[in-house]
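Reading through the structure tokens given below for one structure.
The values are calculated or read from the model by the stated rules, or taken from the named source; none is laboratory data. All values derive from a computational prediction rather than experimental measurement. Every residue, glycine as well, gets a Cβ built from its backbone with ideal geometry; the counts of neighbours run over all protein chains shown.
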Amino acid sequence: MKKIKEILTATTRSHWVGDGFNVRPVFAHLAFTLDISPFLMFDYAAPREFEATDQKRGVGPHPHRGFETVTIAYQGEIEHGDSVGNRGVIGVGDVQWMTAASGIIHEEFLSHEFLKKGGTLEMVQLWVNLPAKDKMLAPKYQPILSQEIPVVELPDNSGSLRVIAGNYAGIQGAATTFSPVDLWDIKIKAGKTVELNVPAGHNAMLFVRRGSISLDGNKAGTGDLAMLEREGLTISLQASEKASVLLMGGEPINEPIVASGPFVMNTEQEIRQAMMDYQSGNMGRMQA
Ligand code: MN
């Protein structure tokens, strides 16, 4: 059995990314540390009402290099455009897996359709590191629609699991990754227990988005993050009430992390190069 290493209780601290995303930094002091590798950062926009408007809301063109951004829309819609020419809407249940790699410039807004009527937004943006050997590959973009994500019914009618990435019980996830990553979106029914296997040696964390769960004698409530020990294989989750959890697991990338704003590289020199490449236009330009 895997043991709990630490439970980070839900932060009430939040900040705005542009004027569209009011997010809580779920990884807190662990962000950008090897303790959670290959994950870097996790912004959670808890459910929030937006009034109808004709204005744009979100964040305008900005660069990224050296890692991947994974955006999951739970409620509301996000519109994306980038320097490679990709454009799209991330709707409810959809996931956008964007590999910035050598560099991309993109913008992220609440969708025009969503803002026209107004409504509730709830989303996640998870940053996943790339191994050094892949940081300067060409950027890549995986727009994954909800219906493309395998949904597995869990044993004993205990709930369901969406395999966004990785492998659950032989079912391959929808996203391709550069290092072993499991990203599973799990719903557990009230009173049920779910057992999950995450390979020994991998870092694994569970974010409780709704409800509360018990695991290894600890309780994790809404907004909490449970960090598991690398040792052991199986995690057993009990839901006393209906719960939704996001499991993030992955093989640690044991390479130095040097993060500066939108760039995550291995050395200071590479960060300086990223800034120069962005400023000189070598990272590409937004396309109209
Ligand atoms: Mn971005």
Per-region count, segment 14-48, residues of a type in the set (D, E, K, R) and touching a Ser or Thr at 6+ places or on another chain (Cβ under 6 Å) = 1
Being modelled with pLDDT of 95 or more, among the aromatic types (Phe, Trp, Tyr) and under 19 Å from the mean Cα position of the chain (by Cα) narrows 114, 67 down to just 67
What number goes with the only condition from (1) assigned to a loop (DSSP other than H, G, I, E, B); (2) out of contact with any strand residue (DSSP E or B) (no Cβ under 9 Å at 6 or more places or on another chain) that residue 223 does not pass?
-> (2)
Determine if segment 47-68 includes at least one residue that is crowded, with 20+ Cβ neighbours inside 10 Å and of a type in the set (Ser, Thr, Tyr).
-> no
Out of the residues in segment 49-107 that are among the aromatic types (Phe, Trp, Tyr) and more than 16 Å from the ligand (Cβ to nearest atom), state the one that is nearest to residue 248 (Cα to Cα).
-> 74
Within segment 11-45, how many residues turn out to be touching an Asp or Glu at 6+ places or on another chain (Cβ under 8 Å), closer than 19 Å to residue 64 by Cα and among the hydrophobic types (A, V, I, L, M, F, W, C)?
-> 3
Residue satisfying condition, being part of a strand (DSSP E or B), among the small types (Gly, Ala, Ser) and touching a Pro at 6+ places or on another chain (Cβ under 6 Å), within set 81, 88 | 88
When (1) in a strand (DSSP E or B); (2) basic (Lys, Arg); (3) farther than 26 Å from residue 243 by Cα are applied to residue 162, the one that fails is (3)
Using beta carbons and a limit of 9 Å, which pairs, at least six apart or on different chains, have the first residue in segment 1-17 and more than 12 Å from residue 215 (Cα to Cα) and the second one among the polar types (S, T, N, Q) and assigned to a loop (DSSP other than H, G, I, E, B)?
-> 10/222
Whichever residue in segment 18-27 is of a type in the set (A, V, I, L, M, F, W, C) and either assigned to a loop (DSSP other than H, G, I, E, B) or modelled with pLDDT under 95 (or both) and, among such residues, is surrounded by the fewest Cβ atoms within 10 Å (Cβ to Cβ) = 26
Restricting to segment 40-76, what's the tally of residues that are among the small types (Gly, Ala, Ser) and more than 17 Å from residue 94 (Cβ to Cβ)?
-> 4
Which numbered condition trips up residue 33, out of (1) modelled with pLDDT of 95 or more; (2) surrounded by 18 or more Cβ atoms within 10 Å (Cβ to Cβ)?
-> (2)
Do any residues in segment 64-75 that are over 15 Å from residue 32 (Cα atoms) and assigned to a strand (DSSP E or B) have Cβ atoms under 6 Å from those of residues that are more than 11 Å from the ligand (Cβ to nearest atom) and of a type in the set (Asp, Glu), where the two are at least six apart or on different chains, and which pairs are they?
-> 73/94; 74/122; 75/122
Which numbered condition residue 179 misses (of (1) of a type in the set (Gly, Ala, Ser); (2) under 16 Å from the mean Cα position of the chain (by Cα); (3) within 23 Å of residue 74 (Cβ to Cβ)) = (3)
With respect to residue 281, is the statement that it is at pLDDT below 95 and in a loop (DSSP other than H, G, I, E, B) true?
-> yes
